[in-house]
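Just below is one structure, and these are the notes that go with it.
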Amino acid sequence: MAKNLTPVWNKIAKHAMLPETTHDERARYNFLSNLNKHLAHVSQGTKTAYDTRVVPKFKEEHGRGIQNREELKEAIEKDSHYQIWSSLRRSTMEMRQQAGRSLVLRQAAELRDKAEALNNGKSTLVLNPSVKVPDYLLAVDNHLMPGSYHTELIEGDVSPAANYDSGIFVTTAGLIGRFNDGGGKAITTWVRKNHPDFKPKRILDIGCGMGHNVLPIAKAFPDAEVIAIDTGVPMLRYGHARAIDLGYNNITFMQMDAAKTTFEDASFDWIQSTMFLHETGGKSIYKIMKEVYRLLKPGGLTLHIEQPQYTDDMSEYEKFMRDWDALNNSEPYWSKMHDIDPCELMVVSGFKKEDFMQIGAKAENDLASDTTSEEEPEDFGRSPIWNVFGAIKN
Ligand SMILES: C[S@@+](CC[C@H](N)C(=O)[O-])C[C@H]1O[C@@H](n2cnc3c(N)ncnc32)[C@H](O)[C@@H]1O
């Protein structure tokens, strides 16, 4: 096997909801996954261009070094290497959406029917049409996904989730496992190792999407009642059908806004989010964390998996590169979220400073043996090495 290639799309786990793909569609996904990986290598040259061309030129013109991210952006965007890397990366993201959408839309009705057959009569899918999609989500096509998570093109639509599920493999170059659940697995392992006596009875996953990362949690705690909430109805329909097909019966998928849930005070032992907070608006993140505090039982645990926060000791270059998605990939809340101090976020939401925790987590990837064994270069924003922060409510 060619170890310098990403795993092939065919390796991802199959289930009843996964869209059908033709040979050419799989080939397109495989090409894009490898282009994505290749661009992580190309981005290494951006650092060389920055050090050897961009910074010296700026010094020559201004008589001083670059002092902030805005100056860095203006200077680096004139550099040809950065331009090539950035435009290719943008094109990869656009092509990934086109590839996913074209294969999903031609079978949208069949996918809807499959979801309806699996969801029919189940009390574990709870939709509530009075729940509104937050304005900050309506304002963008998240990571260039046309119509984002909520748009329904046909009645009962599941196509946004089918597109997300089949194509996330491309965006992550196959680094988060066959079920795209490397984050959920990693956090489950951490909780079991570090809190061996923790036996949560009720678990809430907020911004669950189509449930990739809540499934390993539900599997690890089969006696727990697990509730997964989202405002995107197509995600919930597809996620619930997928979970049923994969044999999970302890997860209820509910249409609910994480900033204003209808659950009682102190009703959960564990509240989890995975790659969710960076997609919430600047004010909403505070409302959501206050809600998390309200919903946790005393002694309850909350954890949030995200890409690394921007810290004082992180270089402006690295912060700028990590901001690429905010500037070019329709992730407008990304910069602000990564700029905030997570400890302060938890403290203003009610948690005690001494109960704040921050850990590193790497995706558990059951496809690891199919990919390169060499160290991969940091691709700034997409690598599955995460910052997890949270607290215990005392
Ligand atoms: C990147 S996806 C989440 C991925 C998912 N947690 C996973 O691990 O695969 C972000 C999700 O958050 C949802 N979302 C954003 N704001 C929300 C809110 N206020 N309440 C509930 N869901 C929200 C979106 O609809 C979207 O499905």
Report summary line: When every protein chain stays in place and a 1.4 Å probe is rolled, 335, 369, 33, 315 sorted by accessible area with the largest first are 369, 315, 335, 33
Report summary line: Rounded to 0.05, the calculated FRET efficiency for the beta carbons of residue 87 and residue 343 at R₀ = 35 Å is 0.40
Report summary line: Hull volume per residue for segment 174-392, using the convex hull of the C-alpha atoms, in Å³ is 131
Query raised in the report: Cα-Cα pairs above 24 Å in segment 237-364: how many percent?
Result: 38
Query - Accessible surface of segment 84-132 [probe 1.4 Å, protein heavy atoms]: carbon and sulfur percent - result: 55
Query - Length released on extending from residue 26 to residue 394, taking residue separation times 0.36 nm less the Cα-Cα span - result: 127.5 nm
Query raised in the report: Over all directions, what mean area does the Cα convex hull of segment 118-222 project, stated in square nanometres?
Result: 8.8
Query raised in the report: What does the accessible area per residue of segment 78-187 come to in Å², with a 1.4 Å probe and no ligands, DNA or RNA counted?
Result: 42
**Report entry** Value of Rg to Rh for segment 51-197 (Rh from inverse mean 1/r over Cα pairs, i.e. Kirkwood)
**Finding:** 1.12
**Report entry** trypsin sites (Lys or Arg not before Pro) lying in DSSP loop within segment 274-379, provided at most 10 other Cβ fall within 10 Å
**Finding:** 283
Query raised in the report: For the chain, what does the equivalent ellipsoid look like in terms of its semi-axes, each the square root of 5 times an eigenvalue of the Cα gyration tensor, given largest first in whole Å?
Result: 33, 27, 19
**Report entry** Kyte-Doolittle at least -1.0, axis length at least 15 Å by Cα - qualifying DSSP helices, the chain
**Finding:** 80-105, 108-119, 159-171, 182-194, 233-245, 284-295
Requested in this report: Multiply the residue separation of residue 263 and residue 71 by 0.36 nm, subtract the distance between their alpha-carbon atoms, and state the gained length in nm to one decimal.
Outcome: 64.5 nm
Query raised in the report: Cα-based Rg of segment 1-122 per 2.2 N^0.38 Å, rounded to two decimals?
Result: 1.57
Requested in this report: Please give the FRET efficiency for residue 106 paired with residue 52, using the beta carbon to beta carbon distance and R0 = 51 Å, rounded to the nearest 0.05.
Outcome: 0.60
Query - Whole-percent carbon and sulfur share, accessible surface of segment 174-392, 1.4 Å - result: 50
Requested in this report: Would you mind computing, in nm to one decimal, how far apart the modelled labels at residue 197 and residue 370 are, each placed 7 Å from Cα along Cα→Cβ?
Outcome: 4.2
Query - Cleavage-rule hits, GluC sites (Glu not before Pro), segment 219-281, DSSP coil, Cβ neighbours within 10 Å at most 16 - result: 264
Query raised in the report: R0 = 35 Å: FRET efficiency of residue 359 with residue 246, Cβ-based, nearest 0.05?
Result: 0.80
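The values are calculated or read from the model by the stated rules, or taken from the named source; none is laboratory data. No experiment lies behind these values; they were computed from the predicted model shown. Neighbour counts are summed over all protein chains in view; Cβ atoms, including those assigned to glycine, are modelled from backbone coordinates with ideal geometry. In case anyone asks, the SASA skips ligands and DNA or RNA and just uses the protein heavy atoms, side chains included. Shrake-Rupley method; radii C 1.70, N 1.55, O 1.52, S 1.80 Å.
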